[in-house]
Amino acid sequence: MNPYQEPVTDASRNVILVMRTDPDSNAEDNERKLQEFSELTKALNDRVVDVITQERYSDRKYNVGSGKAKEIAIAARDKKASCVIFYDPLSTSQIYNVSKLCNEAGANCRVMDRFQLILDIFAERATTHRSKLQVELARLRYELPNARMLVSLSKKEERAGWGGLGDYEDSYEQDIKKRIARINAELKKADLEEEARRVYRHKNGFFIVSLAGYTNAGKSTLFNTLVDEQTESKDMFFTTLIPKTRALVINKRKILLTDTVGFIEDLPHFLIDAFRSTLEGIYFSDMILLVVDFSEPVEHIRKKLMISHETLWEKSTSNIITVLNKSETMKPAERKKKLQELAHLIYNPIFISAKTGMGISDLTSEINRNLPVLLTKTISLPNDERGAAALSWFYDNGVVEEILYGKYMTFEFSAAEEIMARADDIVLKAQ
Amino acid sequence: MVMFTVIAVDISGRHRIDAGYYMVCAAVSLEITPTSIEKINEINTDAFLLNRSAELHDIVRIIETTVTKIKKKGPLIVECGDLFNLDENLSKTMFTQEIRYQESIGERKAIELAHYVSLSTRKLLLKETGLDIRIHENDEDENDEKDESGDENDNENGADNT
């Protein structure tokens, strides 16, 4: 059986979660990780039938101890589990060994790790061609180091032997490499288009704001509230996978707001690589709204903020506003206390509730306050056909104040520096 | 805007060279916000030469020695890798002052700055002192034997206040 290639078919699977923790690790942290692990399974509508934990150092053969591995196999059989998911990343031989134990116990289940689960979630959410390619790339990168071992294990019983006519399937690894190269080339093309779009938007005076933050922080709900959109938003991990951009007008200024994929702890590097272009959308925006679920315990918020900062720090040079979402669930004194404890991680804090609309006006004024200063100039255009065409350009690219009509149309025009540099040319052409 | 005083610490040169393990520790006192560095208060660098690879207690001693000379105090910010990825709560008990691993963007930038300071100071000192930086892989076993017999005579070169 090839444990990597089995497609997700069941709408609702019975799953067993397995979490091994090091003996000297933080118990509270482990509890949080287990809770998050269980939340992840909800994203695929899985039903958790058992949670098995063990405190010990990693075992080379099964990841957990051999006794615990047998316990897992029996639990999988008794509870009719179709999936056993480990929190730790598993090696190919560990997957093989645990699968073998499960088969011997009479359980018919697939053994996988948390990364594979995340890949399954992404695969289900990917709807556009680009996102499908990104998910496939991540899956192939995940498979590549294990490809050789995988072939060796699947051929364990039927080796061709010396002098035999059989063939070792070495081409599997080569096939993966070729496919990765092909997807990379295709994605590069798509990334160039995306970059061109970004440059075009900047050139045309759009201010780009991105929503970033830990998964399930409420980014899509805030997006819907701000742009009055009906994007799918659920109490579920990775609801948004494909970035969405909508126009927003704040104080007559045009802004493009982008909703993106959320961050998660220990995000595997192959996934980050595959979704690099999506993350670049955040890095190259002019402002980041870092959304945090503020209703959670302080320690959880601290960890999630830490992960968000870690993801953003190397490349991002944007302004950051920390949006403390779900603040309506606590009293002002409690909010203040939490804020004090997390002050070193929270920049430009704004308390909001994307669900009830609390604090949204504060957020929009904070965005407005952080927008780059516009230059203002008095423009005079002839009151004729050519002047009207030019006026339309001014409306499209900046803020036009009240127009005085006479022989000339005179008005105050405010825009970003790059736009203002082109304004004189437009006026000249209209004369 | 809320600013915090922190001391970012970084150690460069934990690999072996001819002379042994020549490490430079940089402690930088800074004012930071959660996303940026606002001001650098003072910098101190110290160089240490050990004849064996640094263990946890050596690293603690190196950091404590370097930080003592900083006048403007604040919590120490270090990279967890510098303390062998030790659990944060455990590492806190080993120091005489508050210590934590980098969390915010500002703290990460501070560590980056401390890293540039320690790295460039080490390069400069290696040039000035004429210590050979070539690694003699074949001598490794011989040196290890020497390490076992020699011990505890680690020289300490002070190279203060750049």
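No value in this document is a laboratory result; all are computed from the given coordinates. Everything quoted here is computed from the prediction, not taken from an experiment. Virtual Cβ from ideal backbone geometry, glycine too; neighbours counted across all protein chains shown.
Okay, helix-only estimate at 222 nm for chain A: each DSSP H run of n ≥ 4 adds -39500 (n - 2.57), divide by all residues, round to 500 deg cm²/dmol; what do you get?
Here the helix-only value at 222 nm equals -14500 deg cm²/dmol.
Name the residue farthest towards the positive end of the dipole of region B:4-148 from the options B:Thr65, B:Ala110, B:Phe4, assuming +1 on Cβ of Lys and Arg, -1 on Cβ of Asp and Glu, about the Cα centre.
Selected residue: B:Phe4.
Compute the FRET efficiency between A:Met149 and A:Asp266 as 1/(1 + (r/R0)^6), taking r as their Cβ-Cβ distance and R0 = 30 Å, and round to the nearest 0.05.
It comes out at approximately 0.85.
Cα axis of helix A:417-430 to longest principal axis of chain A: angle in degrees, 0 to 90, nearest 10?
50
Would you mind computing, in nm to one decimal, how far apart the modelled labels at B:Thr96 and A:Glu193 are, each placed 7 Å from Cα along Cα→Cβ?
Taking the two extended label points, one gets 6.4 nm.
For the pair A:Ser93 and A:Glu418, what calculated FRET efficiency results from E = 1/(1 + (r/R0)^6), where r is the Cβ-Cβ distance and R0 = 56 Å, to the nearest 0.05?
Computed FRET efficiency for A:Glu418 and A:Ser93 comes out at 0.45.
Taking chain A as the reference, fit the longest principal axis to its C-alpha atoms, fit the long axis of helix A:332-341 to the helix C-alpha atoms, and give the angle between the two in degrees, 0 to 90, nearest 10.
70
Separation between the A:Asp384 and A:Tyr405 pseudo-spin-labels, each 7 Å from Cα along Cα→Cβ, expressed in nm?
1.8
Report the antiparallel proportion of the DSSP beta bridges in region B:4-148 as a percent, rounded to a multiple of 5.
DSSP beta bridges in region B:4-148 are roughly 80 percent antiparallel.
Over the whole of A:77-88, what's the average partner chain Cβ count within 10 Å per residue? Rounded to a whole number, please.
0
Counting DSSP beta bridges in region A:1-156, what percent are antiparallel, to the nearest 5?
Antiparallel: roughly 5 percent of the beta bridges in region A:1-156.
Can you compute the label reach from A:Ser66? Point 7 Å from Cα along the Cβ direction, backbone N cut-off under 19 Å, restricted to region A:89-116.
A:91, A:93-106
Go through region A:281-364 and name the GluC sites (Glu not before Pro) that are in a DSSP coil and have 14 or fewer other Cβ atoms within 10 Å of their Cβ.
A:Glu314
Within chain A, which is the longest segment that contains none of the trypsin sites (Lys or Arg not before Pro) sitting in a DSSP loop with at most 11 other Cβ atoms within 10 Å?
A:160-406
In degrees between 0 and 90, to the nearest 10, how far off the longest principal axis of chain A does helix A:360-370 point, with axes built from Cα atoms?
The angle comes out at about 70 degrees.
What FRET efficiency comes out for A:Ile74 versus A:Ser12 if R0 is 30 angstrom and r is the Cβ-Cβ distance? Round to the nearest 0.05.
Efficiency for this residue pair is about 0.85.
Per 0.36 nm of contour for each residue apart, how much would the distance between A:Asp59 and A:Lys178 grow if the chain were fully extended, relative to their Cα-Cα spacing?
39.5 nm
Let me check I've understood the local charge: for B:Ser29, count other residues with C-beta under 10 angstrom from its C-beta, Lys and Arg +1, Asp and Glu -1. What total comes out?
Once positives and negatives cancel, what remains is +2.
Which links in A:Lys304/A:Lys331; A:Lys336/B:Lys69; A:Lys177/B:Lys123; A:Lys252/A:Lys337 stretch past 31 Å when you go from one Cα to the other?
From the list (A:Lys304/A:Lys331; A:Lys336/B:Lys69; A:Lys177/B:Lys123; A:Lys252/A:Lys337), the Cα-Cα distance tops 31 Å for A:Lys336/B:Lys69; A:Lys177/B:Lys123; A:Lys252/A:Lys337.
How many percent of DSSP beta bridges within the protein assembly as shown run antiparallel, rounded to 5?
Bridges in the protein assembly as shown that DSSP calls antiparallel: roughly 50 percent.
Mind checking the mean number of beta-carbon atoms from other chains within 10 Å of the Cβ atoms in B:101-111?
Mean inter-chain Cβ contacts per residue within 10 Å come to 5.
What's the extension gain from A:Met330 to A:Glu314 if we count 0.36 nm per residue and subtract their Cα-Cα distance?
Value of the extension gain: 2.4 nm.
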